[in-house]
1. Are there strands (runs of 3 or more DSSP E) fully within segment 151-236 with at least 2 residues that are more than 22 Å from residue 105 (Cα to Cα) and of a type outside the set (D, E, K, R)? List them.
2. If you check 249, 207, which single one turns out to be farther than 24 Å from residue 23 by Cβ, within 16 Å of the chain's Cα centre (by Cα) and among the small types (Gly, Ala, Ser)?
3. Within segment 157-207, can you find the residues that are of a type in the set (D, E, K, R) and more than 13 Å from residue 243 (Cβ to Cβ)?
4. Filter segment 1-45 down to the residues that are outside any loop (DSSP other than H, G, I, E, B), under 28 Å from residue 138 (Cα atoms) and either of a type outside the set (A, V, I, L, M, F, W, C) or in contact with a Lys or Arg (Cβ under 6 Å, 6 or more places away or on another chain) (or both) and list them by number.
5. If you check every pair at least six apart or on different chains, which have Cβ atoms under 8 Å apart with a residue in segment 272-297 that is touching a residue at least 60 places away in the same chain (Cβ under 8 Å) first and a residue that is of a type in the set (Lys, Arg) and surrounded by fewer than 21 Cβ atoms within 10 Å (Cβ to Cβ) second?
6. Go through segment 117-141 and count every residue that is part of a loop (DSSP other than H, G, I, E, B) and surrounded by 24 or more Cβ atoms within 10 Å (Cβ to Cβ).
7. Restricted to segment 9-61, and to residues that are over 27 Å from residue 292 (Cα atoms) and of a type in the set (A, V, I, L, M, F, W, C), which residue is modelled with the lowest pLDDT?
8. Using the structure shown, decide if residue 249 is at negative phi, crowded, with 18+ Cβ neighbours inside 10 Å, of a type in the set (Gly, Ala, Ser) and part of a loop (DSSP other than H, G, I, E, B).
Amino acid sequence: MRVEVVGVPWDLGAARRGTDMGPIAMRYAGLYEALGALGLQVVDGGCIEVPVSEGHVQSQPRLRYLPEIVTVCRDVAGVVGGILSRHAMPLILGGDHSVTIGMLAGRRTAGLSGGVIWLDTHGDLNTEETSPSGNIHGMALAVATGRGVADLVRIGRGSTVTERQTVIVGVRSVDRLERAVLHQSEVTVFTMKDIDQRGIGAVVTQAIAVATDGGAQRFHLSVDLDVLDPLYAPGVGTRVRGGLTYREAHLEMELASDSGLVGSMDVVELNPTLDERNCTATLAVELIASALGEGIY
């Protein structure tokens, strides 16, 4: 497998600074060594050039840094489309979760079918009307399903995923108005309660079936590191206790790998300024390796 790795050193979609250092932290934690050990052909695509908040005036509190995010997501979409046209797998290192808007738009323009498995403690289905913060990283899945501000939706020429092929796994913190959107949508949601009751193996198996529509369609795997319990992943900006354990997260990646249907992947919301001895970045690298084929023996 040829994997092309691109960083998006980006934090304008989030509530606090620091996720812009996520790509370098994962690279420093041995990403290329881990993927090379799997026998993968790995290409370092560098980083997409992004603006920083100090150089831009914030004029829309309900859609913070909208023009800048539109520009970067368009660039991400173009890069992802180019990687897929070369029959390689795109691996995007975030950056906050707004980068996935561009990732999914790139998949659509490249004609890649299949849904998305969205690992996240949050629903990310907010819009300008429902978001209590105006942070666009909490609107990324809404945009992908065709909701929200037109400037963002147009990047993918409409919805970039089909709701009935969209699965959120690990939810445990949903905004009040966002809850109604989730209930009204066709998105499949597995909360931490579902995982506790059914077990992570059963949940992931069903999630893959939904994302692939029971067929051989390659799905996108979006990993927001705050899906993990802060005990294992302290280096995120929105910590919520009660998330996935170390082994639950690895089993999720291993089952995704076993399916042979991971067509693209992003890992987001790593904030090294909040990390402890780079342990969250190290875990992120381990999870990427598990998703791309590393087994126990």
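1. Correct list: 166-171, 188-191.
2. That would be 207, the only listed residue that is farther than 24 Å from residue 23 by Cβ, within 16 Å of the chain's Cα centre (by Cα) and among the small types (Gly, Ala, Ser).
3. 157, 163, 164, 175, 176, 178, 179, 186, 194, 198
4. 4, 7, 19, 20, 22, 23, 27, 28, 45
5. 273/17
6. 6
7. The qualifying residue modelled with the lowest pLDDT is 57.
8. Criteria not met by residue 249.
The values are calculated or read from the model by the stated rules, or taken from the named source; none is laboratory data. Predicted, not measured: the structure shown is a model, and the values here were computed from it. Please note: Cβ atoms are built from the backbone with ideal geometry, for glycine as well, and neighbour counts cover all protein chains shown.
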